[in-house]
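Shown next, in structure tokens, is the structure this report addresses.
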Amino acid sequence: MYLADKDELIVIRSHESSGSDVLDNELTDLATWLEGSYQKADGKLNIPLKSGNSLTLLLNKEVDVEFASSLISLLKTIKRGIQVHEDFSGGIVSPAELLVCRFTGIKALEDEYGSAEIVKQGAEVVQTALTKAFDQLQGAYNGKIVGLVISTKEASTSLASIIDGPSSLHISRRLAEASKTNATASIAAIYLVRLSLAWITGIILLVSTLIGICLLMNMPLTRDTLLYSNVKMD
């Protein structure tokens, strides 16, 4: 990936919520996205697996909530990335977009359950979520995606330098410059229209005056025309 300028990149980062910050509507959205179900009364989140079984997360357990919050963070990042893409599409500024999502749910399951079956089920759910996320992005970006990078290690120095760059500020500055350019062009267009209308109005008045003078000069001298011309008659 080559970027001539950081101005050409906008980074969308995930912000993973803590367990206490997970809302019922977010759990409902997650269940719908993964074709599962959320039972608020029982505090259970059921996610179907390709194997035919299902992963049941008990939301009274901190580790299960952490896993669910990681999935919610992924979903919110995808939605935000699509929204940003739609905001910039068709505009003057068309930056590259980099979606960065940090997923800690699997590690939380491993630390709590070791090598139990629930960890394998969690990995299968993550794989399903990533597949859905990629398909969703493919549809929103019309297939214009460079790729999907999955790493179990921290980002490299070169990638971190790109991610940590103040790209959002640069994008805002470019948008402001584009807005100023558009505003200047609009003012110039309005001035040109007003100037054209003034000239056209002046020409019409001049032509009308000349026509009136010509008609008046060629008007026959009769009683009616003299009265029309406000000539006093004795």
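The values are calculated or read from the model by the stated rules, or taken from the named source; none is laboratory data. Worth saying up front: this structure is predicted, and the values here are computed from it rather than measured. Cβ sites come from the backbone with ideal geometry, for glycine too, and all protein chains shown count toward neighbours.
For the reader, a short list of remarks on this structure follows.
- For LEU59, the stated conditions do not hold, so it cannot be described as closer than 15 Å to GLU124 by Cα and hydrophobic (A, V, I, L, M, F, W, C).
- Leading residue by the ranking (nearest to LEU137 (Cα to Cα)) among those in region 67-124 that are more than 12 Å from the chain's Cα centre (by Cα) and of a type in the set (Asp, Glu): GLU124
- Residue list for region 65-79, filter: touching a residue at least 40 places away in the same chain (Cβ under 8 Å) and not aliphatic (A, V, I, L, M): GLU66, PHE67, SER69, SER70, SER73, LYS76, THR77
- Flag if THR131 is exposed (fewer than 15 other Cβ atoms within 10 Å of the Cβ) and modelled with pLDDT of 85 or more: yes
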